[in-house]
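Undergrad: If you scroll down you'll find the structure; I have some questions about it.
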Amino acid sequence: MANWQSLYDELENLKKEGRYRPMTVWDSGSSTWMTLNGRRVLQMSSNNYLGLTGHPELKESAIAAIREYGVGSGSVRTITGTIRIHDELERELAAFKGTEAALVFQSGFTTNQGVLASILSPDDVVISDELNHASIIDGIRLTKSHRKIYAHKDMDQLEAALKQCSSYKKRIIVTDGVFSMDGDIAPLPAIVKLAETYDALVYVDDAHASGVLGKNGKGTTDHFGLNGRVHIQIGTLSKAVGVVGGYVAGDRVLKDFLIHKARPFLFSTSQTPAVAASCLAAIRVLRRSEERIAQLWANATYFRSGAQALGFDTGASETPIIPIIIGDPAKTMRFSDLLLEEGVFAQGIVYPTVAMDKGRVRFIVAAEHTREDLDIALGAMRRAYQKLSIIG
Ligand SMILES: *Cc1c(COP(=O)(O)O)cnc(C)c1O
């Protein structure tokens, strides 16, 4: 028998700190109301911003693709794993983003890993916001490139780093478009200006901005009117787009390079036909989804103001990601548990995902939430917090 003592000890430690979580197993698919242990629960933590996971056009496209092509693609993209829908999806994404080209990966995570690990050489420097997503951090770790971290959205620190880095071959500034834990937006106009002054490339990860920010959900670059001035745009197909996958949008030469270098592209099987077909349908739906996106933002504003009126700290939120900052990890998880007792599911997020004293219950508002749903959530938050204050 293997000796798992060290793993066991670490798990015991998580339990002691109130950070141990059994996995939640749902009885129904992603929606605003879901079934958990036979009970209907108001769900306020999914990334299914626009309700596309259950959209009839996406479902029909997936079923048709399975009938025509089967359930698996049979290979990596560079052998027999590129079928017409993969190619069509990339053309559609490039047209949607207004870039020369787009390249699809199996997930947003592997997109960041694959792209960063391929384009960064030991002669380059990458300059990264301290709150960037784990997949960016891991992508950078895979390289021998020089690296600098700037304090969250601190443009003075970014400029100081750029000044020190003029001798490197390439300078790449990397930022999330929308930060996933706080729901704030990167100061992209200032970043682009600094990049132009100091001859750097700009890399934006729009995982939480895809389908959310900009015209038809084109992303942060479009939101700020910076089209043509951001060199590398990463998007996910897993969140608002409702399926799974990731992509990079940019110049044709970048795509051509990645086809030859990006390891998740070269060494992992391509998206299944059903996934590629439903992503393609999703982008087409997005192009006529102005109303859905407007509803999403109206809901976010309503819920954030409601939470603030109850005295909750919503941190830096300015998007449909609305954290309720509690602080202590154990207390944060208790608040999340008390909310579930009230019939509302919202995920507690604690150290090491966020700082030890910045535990939060992260609400993500969706376009499909009704005003009544949002009022139910606010009522539950008020009662749960009263109980939390009594229990301590
Ligand atoms: C969720 C997320 C990813 C990963 O996307 P997946 O498609 O779920 O793998 C990458 N970057 C950021 C900023 C994210 O929030």
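Undergrad: Give the accessible surface of the chain per residue, rounded to a whole number of Å², with probe radius 1.4 Å and ligands, DNA and RNA excluded.
TA: 45 Å²
Undergrad: A further question on this structure: Just need log10 I(q)/I(0) for segment 267-392 at q = 0.19 Å⁻¹, Debye formula, equal scatterers on the alpha-carbon atoms, no solvent, rounded to two decimals.
TA: -0.99
Undergrad: Starting from the coordinates of the alpha-carbon atoms of segment 287-341, obtain the Kirkwood hydrodynamic radius over all distinct pairs and give the value in Å to one decimal.
TA: Evaluated over segment 287-341, this radius sits at 12.8 Å.
Undergrad: With a 1.4 Å probe and every protein chain kept in, tell me what percent of the accessible surface of segment 55-286 is carbon plus sulfur.
TA: 53 percent
Undergrad: Are there trypsin sites (Lys or Arg not before Pro) in segment 191-290 that DSSP puts in a loop and that have at most 13 other Cβ atoms within 10 Å, and which ones?
TA: Of the trypsin sites (Lys or Arg not before Pro), the ones in loops of segment 191-290 whose Cβ has at most 13 other Cβ atoms within 10 Å are 288.
Undergrad: Quick one: compute the contact order of the chain, relative version, from alpha carbon pairs under 8 angstrom and 6+ residues apart, as a percent.
TA: The normalised contact order for the chain reaches 22 percent.
Undergrad: Once you keep just the Cα pairs under 8 angstrom separated by 6 or more residues, what percentage relative contact order results for segment 55-286?
TA: Reported relative contact order: 32 percent.
Undergrad: What's the long-distance tail for segment 314-373, i.e. % of Cα pairs beyond 13 Å?
TA: In whole percent, the share of Cα-Cα pairs in segment 314-373 beyond 13 Å is 61.
Undergrad: Calculate the translational D of the chain in whole µm² s⁻¹ from Stokes-Einstein, where the hydrodynamic radius comes from the Kirkwood formula applied to all Cα pairs, the temperature is 37 °C and the viscosity 0.692 mPa s.
TA: 149 µm²/s
Undergrad: For segment 156-273, what percent of Cα pairs sit more than 22 Å apart?
TA: More than 22 Å apart: 40 percent of the Cα pairs in segment 156-273.
Undergrad: Then there's this: Once segment 55-286 is represented by equal point scatterers at the alpha-carbon sites, with solvent omitted, what log10 I(q)/I(0) does the Debye formula produce at q = 0.16, 0.18 Å⁻¹?
TA: Computed log10 I(q)/I(0) values: -1.06, -1.31.
Undergrad: Just the number: Rg to Rh for segment 212-274, Cα atoms, Kirkwood Rh, two decimals.
TA: 1.01
Undergrad: How far is the Cα center of segment 80-153 from the Cα center of segment 253-315, in Å?
TA: About 15 Å separates the Cα centre of segment 80-153 from the one of segment 253-315.
Undergrad: Can I ask one more? Which percent of the accessible area of segment 295-350 is formed by carbon and sulfur heavy atoms (probe 1.4 angstrom)?
TA: C and S atoms contribute 48 percent here.
Undergrad: What do you get for Rg/Rh over segment 1-74 if you use C-alpha atoms and the Kirkwood form of Rh?
TA: 1.19
The values are calculated or read from the model by the stated rules, or taken from the named source; none is laboratory data. The structure presented is a predicted model; accordingly, all values stated were derived computationally and were not measured. Cβ: placed from backbone, ideal geometry, glycine included. Neighbour counts: every protein chain shown. Accessible surface areas use protein heavy atoms only, side chains included; no ligands, DNA or RNA. Shrake-Rupley method; radii C 1.70, N 1.55, O 1.52, S 1.80 Å.
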